[in-house]
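Report on the following structure.
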Amino acid sequence: MARGSLVPMLVCALAALAPARSARAEQFWTPQALLAEQFKSSQQVSYVRARIDTALRARIDARLGRQLPKSEYTLFVAKTGERIDGYALFDEQVGQHEPISFATFFDAAGRVTRVEVVAYREPYGDGIRAERFRRQFLGRSVRSRFRAGEDIDTISGATISSRSMCIAVERAAALIDAWLQKQAVEVASADRAPALAKASNGARLSTTQ
């Protein structure tokens with residue numbers, strides 16, 4: 001997973017996330033405006049291009065019970081100093097006929113803090129934009145269930161769109177969790193490195209856990 005630097009590269013990443021145009025497309029947010037509003041108190045917002053290898057894809061697919069549609073996702077990371085303020089992931093999920101563009105925001109622990117419909121292209125079913133529907137996702141994480149009609153109440157007249165949002169948010173939670181686990185492994189490896197270096201200078205390593 002490669003980190004991107006800010007400003008020109010971030011602008012390019014945001015441009016790549018712009019919802020595709022269609023005859024019926026109604027765009028409610030641009031990624032840039034939404035990130036600026038959500039993370040207005042953060043010192044910086046950077047991004048990570050998360051490339052999903054075969055082993056990780058298999059684990060995520062098994063957790064979701066469906067296949068990831070892409071092998072690379074862009075995760076946005078908001079920070080103030082060394083503190084993580086939150087994460088964001090922009091993605092699409094097909095509704096009845098057309099893709100719906102979503103943005104899902106998370107806190108530093110991977111819990112959902114906000115879900116927005118960025119662009120909607122169907123002639124009906126946009127009731128999923130209602131706050132009473134979207135707030136059902138708040139506080140959920142990869143350990144939660146997202147079954148439309150069971151764990152998440154659907155919107156009358158927008159059942160398919162409701163299900164699409166459930167799929168998109170659940171997928172985003174799984175991707176953020178995979179990223180957090182990767183970060184935890186890297187931190188643990190970095191913490192062990194000085195001890196290993198010291199041991200290589202003559203100290204004996206213990207294999208006791």
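Values quoted throughout were computed directly from the atomic coordinates according to the rules given, and no laboratory measurement underlies them. Treat the numbers as computed from the prediction; the structure is a model and nothing was measured. Cβ sites come from the backbone with ideal geometry, for glycine too, and all protein chains shown count toward neighbours.
Using R₀ = 25 Å, calculate the FRET efficiency as 1/(1 + (r/R₀)^6) where r is the Cβ-Cβ separation of Ala33 and Glu131; round to 0.05. Let's see the in-between values first.
Numbers: r = 18 Å, r/R0 = 0.73.
Efficiency for this residue pair is about 0.85.
Identify the residues of the range 102-139 with backbone N under 18 Å of a label point that sits 7 angstrom from the Cα of Ser156 along the Cα-to-Cβ direction, or state none.
Flagged as within label range: 124-134.
For the range 41-126, state which GluC sites (Glu not before Pro) are in a DSSP loop and have at most 10 other beta carbons lying within 10 Å of their beta carbon. Could you put the intermediate results ahead of the total?
Working: sites: Glu72, Glu82, Glu92, Glu116; in loops: Glu82.
Here the GluC sites (Glu not before Pro) that fit, given the DSSP loop and packing criteria, are Glu82.
Count charges around Phe39 for me, please; just the other residues with Cβ under 11 Å from its Cβ, Lys/Arg as +1, Asp/Glu as -1. Display every interim value, and only then the final one.
Working: positive: Lys40, Lys79, Arg114; negative: Glu37, Asp85.
Around Phe39, the charge tally is +1.
Could you name the aspartates and glutamates whose alpha carbon sits less than 20 Å from that of Lys70, not counting residues in the same chain fewer than 8 places away?
Hits, sequence-local ones excluded: Asp53, Asp61, Asp91, Glu92, Glu98, Glu170, Asp177.
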